[in-house]
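First the structure, in the form of structure tokens, and then the observations on it.
No value in this document is a laboratory result; all are computed from the given coordinates. All values derive from a computational prediction rather than experimental measurement. Cβ atoms come from the backbone with ideal geometry, glycine included; neighbour counts cover every protein chain shown.
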Amino acid sequence: MSFSPSFSRDAASFRPSAIRAFAKLINDPNIISFAGGVPNPDTFPADALASIAEKVIREKRAISLQYGPTRGLPRLCDSIAKIGRERKIECSADDVLVTTGSQQALDLIAHTLLDPGDVVAVELPTYIGGSASFFARSAELAGVQQDDDGIVPESLRELASKRRIKLLYTIPNFQNPSGRLMTQSRRDEVLRIANEHDFVIIEDDPYGELLYVDNADTTPMKSRDTEGRVIYLGSFSKVLAPGLRCGWIIASKEILERLEIAKQAADLCSGTLDQSIVDEFVASGALAPQIERVRAFYRGKRGTLIHALEKHFAGKAKWTSADGGLFTFMTLDADIDTAALVSKAVANGVAYIPGGPFFVDGSGRNTMRLTFAKESDDRIVEGVARLGSIV
Ligand SMILES: Cc1ncc(COP(=O)(O)O)c(C=O)c1O
């Protein structure tokens, strides 16, 4: 018996993640993996979180084990607004909606703003979890070119002149998957085009704090959003722990109120235990030193990977500098199909994510995403050598 007649029209548009399929391949300890997309568990402050968890469960059960406000725990909203202001976004706790990870924010926004057939402009390449949320609402995804400075304004302008863009989804800080940082002048240009053509921007910023160089300007577009058209997303996943499903939205009042109603229907409130733990951690002043530790942890690994790429791929490929975030993105000769090559790589004990699935226009077959998050320095060096011999 088939239940497909029971499924909604949107369900017919659901797309499974093309990269989760690869994740199954790479849990083998014999394989050196550049394929993951997750933080390294060694960065999770487990002891501090364990004692906070015990404290909030024992001493604050009426909050930590109870339903909470849909907007989020008030003190956490305050702390998030403070983080927003540190990032130069003018905001208060009233402008914040806590979400069950920023992934939920993407889903709520898609639900609230998109009708079937609406055009969502996404970067080429873009984050697959973002595209999944838009596809799930039967939107049409249109790719916008990027170069090393971020979105190419002419490409966005061209799309805006041909199609009515409803939404632009961008990850300006150390993008997943490309690792790129959009320049501030490009951000201004993107904002100008959005103002001219009247579309909403989702500015997704889970990686802005993970920076490994001194001269990177990660100031969000939202800080210069005079019309309230930028919906800013943040997350504790990459700096604290993604198992504490805790992200947030900062948006204008009218949009936020709608998203709050969508969230009521989705889950009433984000997990209050997760929020209580994050709230205590942040309120105790532990976040800033934690971010420093996480940066230090990844900085060396990132250097090792980039150095190894220079040794084995110089003149044969191009890769992004990964001044922050978790990824570098490599572009090989046009005739190399990285998806076809992946089984050979795995047979040789090294794994990566083929770049194709990150491009909504079907391009990018000669690209791959590499993370430096998982492996030790020795294994990074060995893995790049293996990759070099295969390619
Ligand atoms: C660009 C981007 N946005 C959103 C997310 C979702 O993060 P979370 O739901 O854990 O906050 C991720 C996770 O990898 C991501 O890379």
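Magnitude of the Cβ-charge dipole of the chain, K/R +1 and D/E -1, about the Cα centre, nearest 20 debye?
Dipole size: approximately 600 debye.
Rank these for me by crowding, 14, 329, 358, going from fewest to most other beta carbons within 10 Å.
14, 329, 358
If you take the C-alpha gyration tensor of the chain, multiply each eigenvalue by 5 and take the square root, what semi-axes do you get, largest first, in whole Å?
32, 27, 21
Please list 3J(HN,Hα) in residue order for the range 229-234, calculated via the Karplus relation 6.51 cos²θ - 1.76 cosθ + 1.60 where θ = phi - 60°; whole Hz, with x for glycine and proline.
In residue order, the calculated couplings are 9, 9, 9, 9, 10, x Hz.
If the elastic network links every pair of Cα atoms under 10 Å, which of 38, 200, 239 fluctuates the most in the Gaussian network model of the chain?
38
Are there trypsin sites (Lys or Arg not before Pro) in the range 263-358 that DSSP marks as loop and that have at most 16 other Cβ atoms within 10 Å, and which are they?
316
Divide by every residue of the chain the summed helix terms, -39500 (n - 2.57) for each DSSP H run of at least 4, and state the resulting mean residue ellipticity at 222 nm, rounded to the nearest 500 deg cm²/dmol.
That calculation yields -13000 deg cm²/dmol at 222 nm.
Among 282-288, 141-147, 94-100, what's the highest-first ranking by average C-beta atoms within 10 angstrom per residue?
94-100, 141-147, 282-288
Hey, what's the Cα Rg ratio for the range 239-391 versus the globular rule of thumb, 2.2 N^0.38 Å?
Values: Rg = 20.1 Å, N = 153, 2.2 N^0.38 = 14.9 Å.
Ratio of Rg to 2.2 N^0.38 Å for the range 239-391: 1.35.
When Lys and Arg each count +1 and Asp and Glu each count -1, what net charge do the other residues less than 11 Å away from residue 307, Cβ to Cβ, add up to?
Summing Lys/Arg as +1 and Asp/Glu as -1 gives +1.
How long is the gain from residue 254 to residue 162 if the chain were fully straight, where each residue apart is worth 0.36 nm and the alpha carbon distance is subtracted?
Length difference between fully extended and current span is 30.3 nm.
Can you report the principal axis dimensions of the range 40-148 using only the alpha carbons, biggest first, rounded to whole angstrom?
The Cα atoms of the range 40-148 stretch 50, 32, 29 Å along their principal axes.
Could you tell me the distance between the Cα centroids of the range 113-188 and the range 1-63, to the nearest Å?
25
Any of 60/88; 82/238; 82/253; 238/316 with alpha carbons more than 21 Å apart? Name them for me.
In this structure, 60/88; 238/316 exceed 21 Å between Cα atoms.
How high is the FRET efficiency between residue 198 and residue 286 when r is their beta carbon distance and R₀ equals 30 Å, given to the nearest 0.05?
Calculated transfer efficiency: 0.10.
Residue separation times 0.36 nm, minus the C-alpha to C-alpha distance between residue 293 and residue 11: what's the value?
Gain on extension, residue 293 to residue 11, equals 97.3 nm.
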